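Below: one structure, written as structure tokens.
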Amino acid sequence: MAVDVETIRQLPKVDSVEWIKPGQVISDTDYQSLRDLLQSRKRMTLIGKNGCVIIASIKEELLIIQSQPNVNLGSIDLILDSI
């Protein structure tokens, strides 16, 4: 799994890849708020004018990927599907 996350980090236009565990806070947002946002989904992509955020649920942890607007979301999806 660490190799796959490192592969995502090396994709062009990916700005950051972070893990968030239960009880942890990232950018003033806590784990439970993100988990509630996902509800029953395994993955969610938020697309904005200034970039994208992908939130993926993997076991008990959440993977947060922040990118620039023109990132190749298909390649990220393929990598996440292999995890």
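Key figures
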{"read-out": "Residues (over 23 Å from SER75 (Cα atoms), touching a residue at least 24 places away in the same chain (Cβ under 8 Å) and in a helix (DSSP H, G or I)) located in the range 1-33", "value": "TYR31"}
{"read-out": "Residue match in the range 64-81 (condition: within 9 Å of the chain's Cα centre (by Cα) and free of Cβ contacts under 8 Å to residues at least 24 places away in the same chain)", "value": "no"}
{"read-out": "Selected residue (criterion: surrounded by the fewest Cβ atoms within 10 Å (Cβ to Cβ)) from residues of the range 27-63 that are of a type in the set (S, T, N, Q) and under 13 Å from the mean Cα position of the chain (by Cα)", "value": "THR45"}
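Here, each number is a calculation from the coordinates, and none is a lab measurement. Since we're looking at a predicted model, the values are computed, not measured. Neighbour counts are summed over all protein chains in view; Cβ atoms, including those assigned to glycine, are modelled from backbone coordinates with ideal geometry.
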